[in-house]
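Working notes for the structure below.
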Amino acid sequence: MKIDTTFLRSKVARRIFGLFVLCALLPIGALAILSFRQVTNQLTEDSQSRLRQAARAMGTAIFERLLLLESQMKLVAPAVKERGPAVQFHVTSVGENLAEPFAGMALVTGAGRAVPVFGSVQEPPALTEADRSYLASDRSLLTTRPGPDGRARIFMSRALDPEDPRRGILTAEINTTYLWDIGEESGSARITRFCVLDDFCTTNFPAAHLEKVARRITGSAVGQLEWSVGVTEYLARYSSIFLQPIFRVPKWTVILSESRDEALAAIGEFKKTFPLVVLLALWIVLLLSVSQIRRSLVPLEKLREGTGRIAKREFDARVTVTSGDEFQELAESFNFMASRLGKQFRALSTAAEIDQAVLGALDARKIVATLLTRMRDVVPCDWVCVTLVDSQVTTRARTFLRDGMPGGETGEEVAQLLPDEVRRLQEHPDSLVVAGEEFPRYLTPLARRGAFSALILPVFLKGKLSAMIALGYRGAPVHAEEDVVQARQLADQVAAALSNARLIEELEKLNLGTLQALARTIDAKSPWTAGHSERVTDFALRIGWVMGLGQKEIDLLHRGGLLHDIGKIGISPDILDKAGSLSGEELQIMRQHVRIGARILEPIAAYAEAIPIVLQHHERYDGNGYPDGVAGEAISLGARIFALADVYDALNSDRPYRSALPREQVIELIKQGSGRQFDPKVVDVFLKLIAVEDKGLASEPSRPKEARPPVPASQDS
């Protein structure tokens, strides 16, 4: 299993890890020492207790078997008396298997001769007069003597007939294997040394041990012993069997011993397994410490990285912690904070963009379009509605509406304002929330689309209501206080933008009025050209729209058209109003009006782009025009458009030197001039416009054709 330890690069992680390990080593080490001592002491106590119980049990068992042997001899005695010792006695003649408990049995006569009863009794013990007197009381006698193998031989004697001692003594040699083989019954199977101590040990007990045991046994019936032989230590317990009242022998002392190594054999396994347990415990502590440190520090690391990402304005970054504790709550709070910061930053950024777009726009419709498109990025809502109040008639307004969803539809409707509605907005200049039946009339389009409530932000210019920004909701509005503040700030920016737009609009109206006044002044020099500049401009604008020109080019056509003949101010009325054809000198003077017009406009920077129209609107596509004889695409597009529009209006109008030509003849002359006098592309657009007009005109009688040929285009203007 691979453990991720990259988090240990942190100083805090290493410090906590070290504390974990130290806190684990100290208690585990102390526990190991205490456990070893306690286990050792406990095993020693268990061994002593086991030896004590085994010694007592063995003493009791030996005493019970001696009594059993005595009872068996009592059963044998009558049979021997009946049959006599001369006949070999069968080991099972009394219903008992005597061969197991006895090695042999004999009848010792008064002369000391041993007559076998069964088995063989070698050298039966000699009895004293005191022993014989004891046996005459119908009791049994135990005697011991060393055997050839060093082990004690045990004899049990009993008078054959206590009433007649002359009949002999029944003596049996006890089978010591039968007598001592009681370890399993007494629970002494694990005992390594066993001894029944009388005058000497009745078992093969090492002499070195026996000497130490004999010296340490006190007068008590039971006791505990410890000794060592070489490097081997022994534990022992002894228990005395009191046989004097029944068998006329001093007490037998049963001694059971066990080496300490054998007694503590279990701790050997303990010594092997306990270090493994300690190592396992340490390993578990390490794993748990690593796990807990990771659980604590990895979330902190993630939070630190998340903070760094937020510092880089990555507000969409989220921290994922699934620890189920305070770190997870902290991560959720961090994510909520990041979401709020991201929302606020995006709102501020969007508001700044809207501010820039709004303040940079000089057209009220562009301002409205920006608000309809971007307002929902600042304040969440279902609809955005902007109402512009007419600057002249304050009860008249126009409402623009857009669904809040991306790609939502935009609508525009005329709205009416009631005095009470205006007064209520004046009473709440910052914001106003309306719902249900409180919806004002100017928000009827919003209510018709399903809005239940709306947040209204009125916009005032110089104390007068100029516009309203309304955010519609299907239910009750849900927005934070900072959303309303940002929306209000944006509404204030809109107020400044609308003020600028209205100022620009007024300036444009003033400019356009000035241009129209100049055009009318120029046209007023001759009754024959009254309205000519405005008609030519109108027709040129129509051609420009069909050609797909942008608003900038259209505005340029508008200004250039109204000023295209401004140079005629410098031409004498005698030449302008001359009824006949102009002389060569007069024609040259007439042609100077384009240069005069260009010189008049040169000081005005705003009209610099219109100068090519003024200067070139009499140039021909084939290069035969004036004043410079440029041709084709070298002529500005506006001048090429005005070249056709100017001729079209001039041929359709009365002049002092001719009457207006029929419309069909004018159209035919323009067709013939395509590629020579006029740009073919402009002629094509002109013909499309004429075709559209013909479809829309009611049937009227054709204008009669003039008999005389038309005046050359160079003179018509």
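Are there any pairs, at least 6 apart or on different chains, whose C-beta atoms fall under 7 Å, with the first in region 444-471 and assigned by TED's automatic domain parsing to the domain that holds Val378 and the second among the charged types (D, E, K, R), and if so, which?
That search, which allows pairs on different chains as well, returns Pro445/Glu413; Gly450/Arg474; Ala451/Asp382; Ala451/Arg474; Phe452/Arg474; Leu457/Arg488.
Specify which of the listed residues (Val666, Val630, Val614) is among the hydrophobic types (A, V, I, L, M, F, W, C), closer than 27 Å to Val692 by Cα and either surrounded by 16 or more Cβ atoms within 10 Å (Cβ to Cβ) or not assigned by TED's automatic domain parsing to the domain that holds Thr537 (or both). Don't jump to the end; show me each part of the working.
Details: Val630 fails: closer than 27 Å to Val692 by Cα; Val614 fails: closer than 27 Å to Val692 by Cα.
Answer to the check: Val666.
Find the helices (runs of 4 or more DSSP H) located wholly in region 596-713 whose residues include 1 or more that are more than 23 Å from Asp555 (Cα to Cα), of a type outside the set (S, T, N, Q) and modelled with pLDDT under 90, and list them. Working first, answer last.
On the way: elements: 611-616, 637-651, 663-672, 680-696.
Correct list: 637-651, 663-672, 680-696.
Filter region 27-63 for residues that are small (Gly, Ala, Ser) and within 23 Å of Leu235 (Cβ to Cβ); which is surrounded by the most Cβ atoms within 10 Å (Cβ to Cβ)?
Start the filter on region 27-63 by keeping residues that are small (Gly, Ala, Ser), which leaves 29-30, 32, 35, 47, 49, 54-55, 57, 59, 61.
Checking which are within 23 Å of Leu235 (Cβ to Cβ) leaves us with 35, 47, 49, 54-55, 57, 59, 61.
On the way: Ser35: 14, Ser47: 22, Ser49: 11, Ala54: 24, Ala55: 27, Ala57: 19, Gly59: 24, Ala61: 20.
Applying the filter and picking the extreme gives Ala55.
Please enumerate the residues belonging to region 64-121 that are loosely packed, with under 13 Cβ neighbours inside 10 Å, modelled with pLDDT of 75 or more and touching a strand residue (DSSP E or B) at 6+ places or on another chain (Cβ under 8 Å).
Of everything in region 64-121, just one residue is loosely packed, with under 13 Cβ neighbours inside 10 Å, modelled with pLDDT of 75 or more and touching a strand residue (DSSP E or B) at 6+ places or on another chain (Cβ under 8 Å), namely Ser120.
May I ask you to list the residues in region 96-144 that are among the hydroxyl-bearing types (Ser, Thr, Tyr) and within 11 Å of Ile169 (Cα to Cα)?
So the first thing to find is which residues in region 96-144 are among the hydroxyl-bearing types (Ser, Thr, Tyr), and the list is 109, 120, 128, 133-134, 137, 140, 143-144.
Passing the criteria: Thr109, Ser140.
Can you tell me how many residues in region 543-577 are more than 59 Å from the chain's Cα centre (by Cα) and over 19 Å from Asp646 (Cβ atoms)?
Here the count works out to 3.
Out of all the residues in region 568-595, which are surrounded by 14 or more Cβ atoms within 10 Å (Cβ to Cβ), touching a residue at least 60 places away in the same chain (Cβ under 8 Å) and not in a helix (DSSP H, G or I)?
Across region 568-595, the qualifying residues are Asp577, Lys578, Leu582.
Restricting to region 291-306, name every residue that is surrounded by fewer than 14 Cβ atoms within 10 Å (Cβ to Cβ) and hydroxyl-bearing (Ser, Thr, Tyr). First the steps, then the outcome.
Step one: list which residues in region 291-306 are surrounded by fewer than 14 Cβ atoms within 10 Å (Cβ to Cβ), which gives 291-292, 304-305.
Within region 291-306, Ser291 is the sole residue that qualifies.
Cβ-Cβ below 7 Å, separation at least six or inter-chain, first residue in region 238-251 and closer than 16 Å to Ala57 by Cβ, second of a type in the set (A, V, I, L, M, F, W, C) and part of a loop (DSSP other than H, G, I, E, B): which pairs?
Tyr238/Ile217; Ser239/Ala221; Ser240/Ala221
Could you say whether any residue in region 266-277 is without any contact (Cβ under 8 Å) to a residue 40 or more places away in the chain and surrounded by 17 or more Cβ atoms within 10 Å (Cβ to Cβ)?
Within region 266-277 (the criterion being without any contact (Cβ under 8 Å) to a residue 40 or more places away in the chain and surrounded by 17 or more Cβ atoms within 10 Å (Cβ to Cβ)), the answer is no, since none of the residues qualifies.
Counting only residues that are out of contact with any strand residue (DSSP E or B) (no Cβ under 9 Å at 6 or more places or on another chain), give me the helices (runs of 4 or more DSSP H) lying completely in region 217-326 with at least 2 of them. Write out each step before concluding.
Numbers: elements: 244-247, 260-263, 265-311.
Here the list reads 244-247, 265-311.
Just give me the residues in region 112-138 being touching a residue at least 40 places away in the same chain (Cβ under 8 Å) and touching a helix residue (DSSP H, G or I) at 6+ places or on another chain (Cβ under 7 Å), in sequence order.
Hit for region 112-138 is Val117, nothing else.
The values are calculated or read from the model by the stated rules, or taken from the named source; none is laboratory data. Please read these numbers as outputs of a predicted model, since none were measured by experiment. Using ideal geometry, Cβ is built from the backbone for each residue, glycine included, and neighbour counts are taken over all protein chains shown.
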